[in-house]
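**Q** Quick one: structure below, then a few questions.
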Amino acid sequence: MKPYRVTLVTSEAKDLSELGPVLNPEQAAEAMRPHFGDPSREHLVVLYLDHGAKPLACETVAVGSLAACAHSPRAILRAAIALQADGIIVGHNHPSGNVAPSPEDEQATARLAEACKLVEVYLVDSIIMGHEGKYTSLRQMAEIQAIRAKV
């Protein structure tokens, strides 16, 4: 069996060793942004983090169509395990520019969170990228919804 190889950076990407810890969705979106290719197709990008939230690698795991990007937790977690990553941040773009999560986005994130628990990799966030630097953090959305539910 061949060892799994991870592409650490693309030619347009910053050197990840220059980045400090990724501590918020804005930093995650900025680190992943160079890895999104053709804006007319959905891309799934994963940022792999060490125990101190410092990026180990960033890779495009899947490229889809205008409205979908098929992927499995297995494809995402394969590199996380090989890199001995402590956590991951997943990101995908919406070619429409709309950064609101779809029901499919929420279901895929919940499914990935369950898989992450099984292999003890922390799912830090799931980010939806739009146009002109806009993004949505599913973790922040859940925190805001939890706060509103208490009020």
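**Q** Starting from residues that are in contact (Cβ under 8 Å) with a residue 24 or more places away in the chain and assigned to a loop (DSSP other than H, G, I, E, B), keep the ones in the range 105-131 and report whichever is surrounded by the fewest Cβ atoms within 10 Å (Cβ to Cβ).
**A** Going through the qualifying residues, I end up with HIS131.
**Q** Being outside any loop (DSSP other than H, G, I, E, B) and closer than 14 Å to GLY130 by Cα is the filter here; which residues of the range 78-104 pass it? Lay out the reasoning, then the answer.
**A** Here is the first cut: in the range 78-104, the ones outside any loop (DSSP other than H, G, I, E, B) are 78-83, 87-93, 103-104.
Selection gives GLY91, HIS92, ASN93.
**Q** Out of the range 21-30, which residues are among the hydrophobic types (A, V, I, L, M, F, W, C) and either farther than 16 Å from VAL90 by Cβ or loosely packed, with under 15 Cβ neighbours inside 10 Å (or both)?
**A** If we filter the range 21-30 for residues that are among the hydrophobic types (A, V, I, L, M, F, W, C), which is where we start, we get 22-23, 28-29.
Result: LEU23, single match.
**Q** Tell me whether the range 31-51 contains one or more residues that are crowded, with 16+ Cβ neighbours inside 10 Å and basic (Lys, Arg).
**A** The answer is yes; a qualifying residue exists.
Where a number appears in this text, it was derived from the coordinates with a stated rule and is not lab data. For clarity, every value in this text was computed on a predicted model and none was experimentally measured. In this analysis, Cβ positions are derived from the backbone assuming ideal geometry, glycine residues included, and neighbour counts consider all displayed protein chains.
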